[in-house]
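Participant: Before anything else, here's the structure in question.
The values are calculated or read from the model by the stated rules, or taken from the named source; none is laboratory data. For clarity, every value in this text was computed on a predicted model and none was experimentally measured. No Cβ is skipped: glycine too gets one built from the backbone with ideal geometry, and neighbour counts run over all protein chains shown.
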Amino acid sequence: MKIGISTFLTDQGIRPAALGRALEERAFDALLIAEHTHIPVERRSPYPRGGELPERYYRTLDPFVALASAAAATERLLLGTGVALVAQRDPVITAKEVASLDLVSDGRAIFGVGVGWNREEMENHGTDPATRGRLVNERLGAIRELWTKDEAEFHGEFVDFDPVYCWPKPVQHPHPPVYVGGGERAFPRVAEFGDAWLANNVRADALGPQIEQVRATAGREVPVTVYGVPGNPEVVEGYTGLDVERVLLYLPTLPERETLEHLDRLAGIAARFR
């Protein structure tokens, strides 16, 4: 089982390049980072985990700028979004950003995608929360066309463009792996667009049946990465008996010195399961 890190990169925490180097030195295989463009002051959408929304949500760095910085400081570490909020993203710009990250990292990009939960945030991007699922599906389809066709075009309900040129193309063939986040409602999206399912902190005792369900929906063996796993050996142990490709241990957002100390502890845990 591979072990990576999931975290929020913010202006208050360790810088991306320093984090990337530290992860590679400690033999973690991947870094996936969260995205929020902003948080509206007047927010009605409840935080999915309950309680007050943590400050890290207000302060996330742009994921592709941050990951490019980490790419320049590393050689092997996989670099991805966990997740990019496609409901809030222009598909042409996003296709270029992901392909550019894949190019500058020599083929190490992972495109983790999700629909999002903060309705006010997506409304500020002109997205109707009621149709965000269909919108995300169209944008993913358009991005795939832009990555794989020299003259790409797309005509849908929300996304519509005649043939265009869009470079660079990704280094990975046919494109960087798309990790689709979400629960059962996202399984058809995994089937249509996903190269893997990104399960968000699903407990090991509940994950087995969901793995069976997502694979039945897709009609194929879907790799599974579990995002946001607590840094607890007993918790990690629970995933070893499941058909899970990777777990991403959760790294709190801290200044560099505290982050490195925390990573040393997580690296000790990870070493038990490699």
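Participant: All but one of (1) crowded, with 16+ Cβ neighbours inside 10 Å; (2) polar (S, T, N, Q); (3) within 27 Å of Gly133 (Cα to Cα) hold for Thr259; state the number of the condition that does not hold.
Facilitator: Answer for Thr259: the failing condition is (3).
Participant: Within the stretch 219-274, how many residues turn out to be closer than 23 Å to Val178 by Cα, of a type outside the set (Gly, Ala, Ser) and not in a loop (DSSP other than H, G, I, E, B)? Walk me through it before giving the result.
Facilitator: Residues of the stretch 219-274 that are closer than 23 Å to Val178 by Cα, as a first pass: 219-229, 239, 242-251.
The next check asks that each one be of a type outside the set (Gly, Ala, Ser); those that pass are 220-227, 229, 239, 242-251.
Next cut, not in a loop (DSSP other than H, G, I, E, B) only: 224-227, 229, 239, 246-251.
So the answer is 12.
Participant: Just to be sure, is Glu120 touching a Gly at 6+ places or on another chain (Cβ under 7 Å), in a helix (DSSP H, G or I) and surrounded by 14 or more Cβ atoms within 10 Å (Cβ to Cβ)?
Facilitator: When the stated conditions are applied, Glu120 does not pass them.
Participant: With respect to Ala66, is the statement that it is within 28 Å of Phe273 (Cβ to Cβ) and either β-branched (Val, Ile, Thr) or in a loop (DSSP other than H, G, I, E, B) (or both) true?
Facilitator: Values: within 28 Å of Phe273 (Cβ to Cβ): yes; either β-branched (Val, Ile, Thr) or in a loop (DSSP other than H, G, I, E, B) (or both): no.
Taking the combined requirement at face value, the residue does not satisfy it.
Participant: Something else: What number of residues in the stretch 230-262 are of a type outside the set (S, T, N, Q), under 16 Å from Thr7 (Cα atoms) and touching a residue at least 60 places away in the same chain (Cβ under 8 Å)?
Facilitator: So the answer is 11.
Participant: Which members of the stretch 82-117 meet the condition of being assigned to a strand (DSSP E or B) and within 17 Å of His38 (Cβ to Cβ)? Outline the logic, then answer.
Facilitator: Filtering the stretch 82-117 for residues assigned to a strand (DSSP E or B) gives 84-85, 109-114.
Residues satisfying the conditions are Ala84, Leu85, Gly114.
Participant: If you don't mind, there's one more thing I want to ask. Any idea which of (1) of a type outside the set (A, V, I, L, M); (2) exposed (fewer than 14 other Cβ atoms within 10 Å of the Cβ); (3) farther than 30 Å from Val235 by Cα is the one Asp205 doesn't satisfy?
Facilitator: Of everything listed in (1) of a type outside the set (A, V, I, L, M); (2) exposed (fewer than 14 other Cβ atoms within 10 Å of the Cβ); (3) farther than 30 Å from Val235 by Cα, Asp205 misses just condition (3).
Participant: Scan the stretch 110-153 residue by residue and report those that are touching a residue at least 40 places away in the same chain (Cβ under 8 Å) and touching a strand residue (DSSP E or B) at 6+ places or on another chain (Cβ under 6 Å).
Facilitator: If the condition is that a residue be touching a residue at least 40 places away in the same chain (Cβ under 8 Å) and touching a strand residue (DSSP E or B) at 6+ places or on another chain (Cβ under 6 Å), then Ile110, Phe111, Gly112, Val113, Gly114, Ala142, Leu146 are the ones that fit.
Participant: Any idea how many residues of the stretch 18-51 are modelled with pLDDT of 95 or more and within 18 Å of the chain's Cα centre (by Cα)?
Facilitator: Of the residues in the stretch 18-51, 14 are modelled with pLDDT of 95 or more and within 18 Å of the chain's Cα centre (by Cα).
Participant: Looking at Gly4, is it more than 14 Å from the chain's Cα centre (by Cα), buried (at least 22 other Cβ atoms within 10 Å of the Cβ) and at pLDDT 95 or above? Before you say what the answer is, go through the steps one by one.
Facilitator: Working: more than 14 Å from the chain's Cα centre (by Cα): no; buried (at least 22 other Cβ atoms within 10 Å of the Cβ): yes; at pLDDT 95 or above: yes.
Considered against the rule, which asks whether it is more than 14 Å from the chain's Cα centre (by Cα), buried (at least 22 other Cβ atoms within 10 Å of the Cβ) and at pLDDT 95 or above, Gly4 comes out as no.
Participant: Could you tell me which of the residues Pro91, Pro40, Pro54 is surrounded by fewer than 20 Cβ atoms within 10 Å (Cβ to Cβ) and either in contact (Cβ under 8 Å) with a residue 60 or more places away in the chain or over 23 Å from Ile14 (Cβ atoms) (or both)?
Facilitator: Every option except Pro40 fails the conditions.
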